[in-house]
1. Once you sort the root eigenvalues of the Cα gyration tensor of the range 357-411 as a ≥ b ≥ c, which label holds: rounded (a/c under 1.5), prolate (a/b larger than b/c) or oblate (the other case)?
2. Rounded to the nearest 0.05, what FRET efficiency do residue 210 and residue 165 have when you use their Cβ-Cβ distance and R0 = 45 Å?
3. Suppose R0 equals 22 Å; then what is the FRET efficiency for residue 134 and residue 203 from their Cβ-Cβ distance, rounded to the nearest 0.05?
4. Report the gain in length on full extension from residue 182 to residue 250: 0.36 nm times residue separation, minus Cα-Cα distance, nm rounded to one decimal.
5. When the chain is treated as a GNM, springs tying every alpha-carbon pair under 10 Å, which of 370, 212, 60 comes out with the largest mean-square fluctuation?
6. Would you list 127, 246, 92 from fewest to most Cβ contacts within 10 Å?
7. Along the Cα-to-C-beta direction of residue 231, a point sits 7 Å from the Cα; which residues of the range 99-119 have their amide N less than 20 Å from that point?
8. For helix 90-104, report the angle its Cα long axis makes with the longest principal axis of the Cα atoms of the chain; keep it between 0 and 90° and round to the nearest 10°.
Ligand SMILES: Nc1nc2c(c(=O)[nH]1)N[C@H]1C(S)=C(S)[C@@H](COP(=O)(O)O)O[C@H]1N2
Ligand SMILES: [Mo]
C-alpha cells in the first residue's frame with residue numbers, strides 16, 4: 001500500500017525509473033567523457049564512410065547488374081567513377097583500413113552510447129518541435145550507427161550472411177547514418193570542443209545528481225575503452241599480412257585460417273569443393289575457355305592458352321572482408337590479348353566473366369575497359385611458379401590490379417567482350 005503521507009513521485013523524480021536523472025548513478029557520465037569519445041568517432045566514422053564509399057565504387061557497381069543490383073543508386077551513386085588499376089594495392093589498403101578501423105571503433109561506439117544512454121529515457125519525449133526533430137535525428141543516428149556496425153561485423157564474421165543484399169543494406173544504411181551523423185556533428189562539435197578546453201567541467205544533464213562513489217577515474221575509463229580498441233585492433237590487423245602476423249588475426253575468420261604451404265599456400269576464400277567444381281570439369285579434355293567478341297567465338301584448351309604469350313604480374317588478393325594477401329606472382333594471358341583474339345586489337349572493351357561454378361554469388365563478374373586494358377590484368381594459369389591449385393581457380397582465374405577479390409573470378413569458363 002502506498003503511504004498517503006509520502007507524495008507520489010513524478011516520472012522524472014522517481015529515482016527507480018530510468019526517466020529520472022537520479023536513476024543514473026555513474027560518476028563517469030558527463031560532458032567531458034562524452035566529448036572525448038564523440039571526437040574520436042567524428043574522425044573515425046568519417047574515415048569509415050569515405051573508405052566505405054570508395055570500396056563500393058571499386059565494385060564498378062554502375063557497370064552491370066552482375067556486379068551490383070542496388071536499385072536507384074543513381075542518386076546516391078553520383079560519385080561513382082571508373083575504378084583505377086593503380087596503385088595495385090589500392091583496394092587492399094582501402095579495405096584493410098575500412099574493416100580494421102570499423103572493428104577497432106566498436107568499444108568507442110559502445111562507450112559513447114553508454115555515456116548518453118540516460119537521454120534515451122528523457123521525459124517528456126518532446127518539449128517542442130525542434131526537440132522532437134532532434135530526438136528523431138538521434139534515433140536515426142543511433143539506429144543507423146548500430147545497423148552499420150552490426151551488418152559490417154556480420155558480413156565479415158558469418159561469411160556473407162546476406163547473400164547479394166549486404167551491399168544494398170550497408171550502402172543505404174551508410175547514407176542514412178552519415179546524414180544523421182553530419183547533422184549531429186555540426187550541432188555538437190562546438191560544444192564538444194568547449195568541453196575539452198574547459199578545466200572545470202560544465203554540468204549538464206548527463207552528470208548524475210546523486211553519483212555513486214567512482215570506482216575508476218574518467219581517464220581510467222578512457223584507458224579501458226582504448227585498451228579494448230587496442231585488443232580488437234591487435235587481433236584483426238594481421239589479416240592484411242602474410243606469415244606469422246596472419247596468425248594473430250584471431251578475430252578475422254578468413255584471416256587466420258591455415259592456408260597451407262608452398263606456392264599456392266595463401267588464403268583461400270571458397271574451395272573448389274565448396275563451389276562444386278569437380279576434377280571432371282577441369283581436366284584437359286573437358287575444359288575449354290570460350291571467348292566471345294566482335295568477330296565471333298573462340299574456344300581454347302588450356303594447352304592452347306599456355307602457348308599464347310604469357311606475362312607475369314605481382315598482385316595481391318584483397319577481399320571486401322578486409323583480409324588480403326601480399327603480392328603473389330601470377331602468370332597467364334593478358335586480358336587485352338584475349339580481347340584482341342576476338343576482334344578488339346586496339347580498343348579493349350568491358351568484359352563479362354563467367355565461372356564453371358553453377359551456384360553461389362561470385363560466379364560472374366564484369367570488368368571495365370580500363371581493367372581489361374591494363375597489361376597486368378591476366379587470365380592466370382600459374383601462381384608463384386606453379387600450376388594454380390584447384391582451390392585458387394585451376395584451370396584459370398582472373399587477376400586484376402587494385403580490384404576487390406570478388407572480381408578475381410576463379411575457375412573461369414567464359415569471357416564475353418563487348419560493351420556491357
Ligand atoms: N568462381 C568464384 N570465384 C571467386 C569467388 C567465388 O566464390 N567463386 N570468390 C571471390 C572472392 S570473394 C575472393 S576474395 C577471391 C579469393 O581468392 P582466393 O580464394 O584465391 O584467395 O576469389 C574470388 N573469386
Ligand atoms: Mo571476397
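1. Details: a/c = 2.29, a/b = 1.10, b/c = 2.08.
Cα axes put the range 357-411 in the oblate bin.
2. It comes to 0.40.
3. Here the calculated transfer efficiency is 0.65.
4. Between residue 182 and residue 250, full extension yields an extra 21.1 nm.
5. 212
6. On the way: 127 12, 246 22, 92 25.
The order, fewest Cβ neighbours first, is 127, 246, 92.
7. 100-115
8. Taking the Cα atoms of the chain, the angle to 90-104 is about 30 degrees.
Each value in this text was obtained by applying a stated rule to the coordinates, not by laboratory testing. Note that the coordinates shown come from a computational prediction; the quantities given were computed from them, not determined experimentally. Ideal geometry is used to build each Cβ from the backbone, glycine not excepted, and the neighbour counts take in all protein chains shown.
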